[in-house]
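Worksheet: one structure, shown below.
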Amino acid sequence: MVNDILKSVLKLDVSRETFEKLEHFAALFHKWSASINLVAPSTRDDLWRRHIVDSAQIFQIAPGAKHWIDLGSGGGFPGIVTAILLSENGEGWVDLVESNHKKASFLRLALSETGARGAVHTVRIEDASTKIVSADMISARALADLDRLFGYAEPWAVRNPELVCVLHKGRDYQSEIEKARGRWGFDLVIHQSAVEADSVVLEIAHLRRTAQ
């Protein structure tokens, strides 16, 4: 059923092995979320649609990207999902940044048990650029407003002018865009969410600071 959603909604045709990895990740998530808060409790019962499928849609934007950084990975969305999807072709990597040690332990176990392609860095996001030198893509979900996210991404954007950020945003995304344009220049593509009618995924390229 859920694999059908991946195919029909996202046009994402994954192998049986990859889907089984996603199922195993979901089982681990339910086990760990009984003791630590990985997502909002009200969304746990809709894990596949609200979190896994919602995370998988960013992979459609740049399926050829090889090196991802996922900021504030929390319960593994979208970082673990991306890392599992990358394992389909046996290449690519996700560096997951999560400062909470309990959540980081969960993320490491999820990577290990699913064979996903990634590593976990238990550091503050502000310090992550000293540990992770460069990337092609940055993802973040339910983390901060655009202005703050751009500040986090800036060190990698300076090193790689072709860096792309894919950021999940809710209904107030337009006001965040307007605020961010006060200090940042960027190219923007708005993708309507395949899961939530009032949500989008913002594709940001050529990020540069224009004012302090």
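The values are calculated or read from the model by the stated rules, or taken from the named source; none is laboratory data. What you see is a predicted model, and the numbers here were worked out from it, not measured in a lab. Because the Cβ atoms are built from the backbone with ideal geometry, glycine has one as well, and the counts that use them run over all protein chains shown. Ligands, DNA and RNA are excluded from the accessible area calculation, which covers all protein heavy atoms including side chains. Shrake-Rupley method; radii C 1.70, N 1.55, O 1.52, S 1.80 Å.
Carbon-plus-sulfur accessible fraction, the chain (probe radius 1.4 Å, protein heavy atoms only): 48%. Bridging of LYS179 to aspartates and glutamates at a Cα separation below 16 Å is possible for ASP145, ASP147, ASP187, once same-chain residues fewer than 8 apart are set aside. Every helix of 4 or more DSSP H residues in the chain counts as -39500 (n - 2.57), and over all residues that averages to -11500 deg cm²/dmol at 222 nm. Using the 1.4 Å probe convention, the accessible area of the chain works out to 46 Å² per residue with neighbouring protein chains retained.
Loop-located trypsin sites (Lys or Arg not before Pro) in the range 151-212 (DSSP state not H, G, I, E or B) with no more than 12 neighbouring Cβ atoms inside 10 Å: ARG171. Taking the convex hull of the alpha carbon positions in the chain and averaging its projected area over all directions gives 10.9 nm².
Taking GluC sites (Glu not before Pro) across the range 115-212, the ones in a DSSP loop with at most 15 further Cβ atoms lying within 10 angstrom of their Cβ are GLU162, GLU196.
Of the trypsin sites (Lys or Arg not before Pro) in the range 16-117, the ones in a loop by DSSP (not H, G, I, E or B) with at most 15 other beta carbons within 10 Å are LYS66.
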